[in-house]
Structures are given as C-alpha cells and as structure tokens.
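Before any comments, here is the structure.
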DNA sequence: TCTTTTATGTGAGGAAACCTAACATCAATT
DNA sequence: AATTGATGTTAGGTTTCCTCACATAAAAGA
C-alpha cells in the first residue's frame, strides 16, 4: 500500500470529521452535495472519509473564511487537481479563474483549540 | 501536535478497526476487557481507537496466531512499554517472562488481502 | 477422563450516531 | 422586493454500536 492509497483510505466517520475540522454535519454534507468532496459509504450508506477528504475540508474551511464561495472553491480545487497534468486549456473562463486565484494563494489561518490547522494533517504521512 | 499525540488521537470507530485488523467486534472488546488496549469513548460511550490501538491490535493478532495466550501477550506488551525506562526489576516472575520472550521475537506474518500487515501502520507517520 | 478455563460466537434489547428530506433563516445579490 | 447561497433545525427512519447473557469448542488442569 503506497502513500496515495493510504491518503484515500476510507477511515473516518462524520462524527470524527466534525471534531477534526470543526465544521457541522450540515456543512460537510452540503459540500458533498456540491461535489467538493466525495466520501465513500459503508454498505449501510454512512459516509466514510479519507485523510484526503479531511484535508480538503480544512482547505474549504480556510477558503470560506477568506471570503470565497463554493463555486470559487470548486474551481480552485479542480485547478489544483489538474496542476500535475496538462495546464494548457481549461474549459472554464480563464478570467474568472485567475481573478479567484489571485489573492488566495498564501496566508496562514489561526484556528481554535481542538481542531487541526490546515496542512497539519500531512504530518500523518511519511511522504 | 507532535507524533506521539497524533498516534494516540481517538479517531476510529470499531467498525473501521474491524476492517483494518480483520478481528471481530467480540475479539476487540475481549482484549479491552483484559486490559490489552484502552480505547477512548465518545460522550455516548462508543469506542474510539487511535493508531496506537490499531497497531497494538495487529500485534495481538500476530501473537495469537503464533500461539501466545492473552496473559503472555499482556506481559509482552508491558515489557515493551517499560523498555525505554527502567528494565531492572519486574514484579512478575522473571522466568515466565523470559520463556515467553524466547521464540517470539522475530518472524514476519503473511496476511489476507484487505487488512493491514503488522507494522504497516507506521507508514502513516513521518517519524 | 472429567472438569475448568480460555477465547470466541451469537442474540436480545436498547442507545447513539447517522441518514435524507423538508422547511426556516439571514445575508448578500439582483 | 425577490432570489440565491450557506447554514440551522427538526422529524422520522436506519445503521452501528453498546452491554449482558448464554453457548461452545479447544486447551489446560485435575
């Protein structure tokens, strides 16, 4: 099992993810509804989240805090997904995407006590 | 949050642990009853396991497969726990402990498909 | 060999956690 | 003023988990 597989293993119930991210169940389900995340399901239809999912949720939270909306976040996440690959022609209006990408690239967020900081989750992994 | 804390974070429901270890719920609860593991609980009294717990369960499974009984495994686990510290006087009969430790030290186990191999869990961590 | 212990299976009854769907709300747009 | 976007809340139902009790087969002990 390599690192990529480990990061995408379905491991966490929504209750844990709520604690790790300090998002509400409603928020998490809404983001799934809007195709920002795609957690697996148990045979009984309950969500099972991977490290990647939690990581993405922390990123979503961070971007929401900085004023992005769901549509913008979706663009950003898709952009990131495509980065390793062809970066030439995106179907989506290039102006929008750029205007979103500007202003959003750096910045560290300060969070509450019990939750994970965005990026901290990577510490779970060797690579 | 350091590695030690990460490894002991309560993260997994028993359902996940069953899949990761290929133990039954009955077995896992029995090992807890015999103080081999001490998973946390939710406010609603449901077990939450850490990476350390899962790791320990994989080790328990491996040792059971090799013929040890619960008492022997408990001695072994306590031995390991004390290794970093004082290794001088153990309250428990030294002959027993040695006789158990002999024959049990090496060996790799070959497991089924979907479960983790003992030791593989450490790959989740940087350190 | 007979009895006890060990490790695990199984099932009942109940509680916790999760599910979807619907409606409410409030701020930001239009 | 009306719509949209993001989230809260509640209801009714399902899944997962809990403890406790009893069953059982194999191993250990007498």
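The values are calculated or read from the model by the stated rules, or taken from the named source; none is laboratory data. As the structure is a computational prediction, the values presented were derived from the model and not from experiment. No Cβ is skipped: glycine too gets one built from the backbone with ideal geometry, and neighbour counts run over all protein chains shown.
Considering only residues that are farther than 19 Å from residue B:42 by Cβ and within 11 Å of DNA strand D (Cβ to nearest atom), look in region A:33-48 and name the one that is nearest to the other protein chains (Cβ to nearest Cβ). Walk me through it before giving the result.
Initially, region A:33-48 is screened for residues farther than 19 Å from residue B:42 by Cβ, giving A:33-41, A:43, A:45.
Next, only the ones that are within 11 Å of DNA strand D (Cβ to nearest atom) stay: A:33-34, A:36, A:41, A:43, A:45.
On the way: A:33: 24, A:34: 26, A:36: 22, A:41: 12, A:43: 10, A:45: 13 Å.
Here the answer is A:43.
Within region A:10-27, the residues that satisfy the criterion of being near DNA strand D (Cβ under 9 Å from one of its atoms) and either buried (at least 20 other Cβ atoms within 10 Å of the Cβ) or under 19 Å from residue B:48 (Cα atoms) (or both) are A:13, A:23, A:25. Any residue at all in region A:100-108 that's surrounded by 15 or more Cβ atoms within 10 Å (Cβ to Cβ), part of a loop (DSSP other than H, G, I, E, B), more than 14 Å from chain B (Cβ to nearest Cβ) and modelled with pLDDT under 95? Yes, the conditions are met somewhere in region A:100-108. Taking first residues from region A:1-21 that are without any contact (Cβ under 8 Å) to a residue 60 or more places away in the chain and within 10 Å of chain B (Cβ to nearest Cβ) and partners that are surrounded by fewer than 13 Cβ atoms within 10 Å (Cβ to Cβ) and not in a loop (DSSP other than H, G, I, E, B), no Cβ contact under 8 Å between residues at least 6 apart in sequence or on separate chains turns up.
Considering region A:118-127, and only residues there that are in a loop (DSSP other than H, G, I, E, B) and facing another protein chain (nearest Cβ under 9 Å), the residue that is modelled with the highest pLDDT turns out to be A:125.
Total residues in region B:36-56 satisfying the condition of being within 10 Å of DNA strand C (Cβ to nearest atom) and within 20 Å of residue A:51 (Cβ to Cβ): the figure is 1. Note on region B:49-77: residues that are within 15 Å of DNA strand D (Cβ to nearest atom), within 14 Å of chain A (Cβ to nearest Cβ) and assigned to a helix (DSSP H, G or I) total 2. Taken as a whole, the structure leaves residue A:12 outside the set of residues that are more than 12 Å from DNA strand C (Cβ to nearest atom) and within 22 Å of residue B:124 (Cα to Cα).
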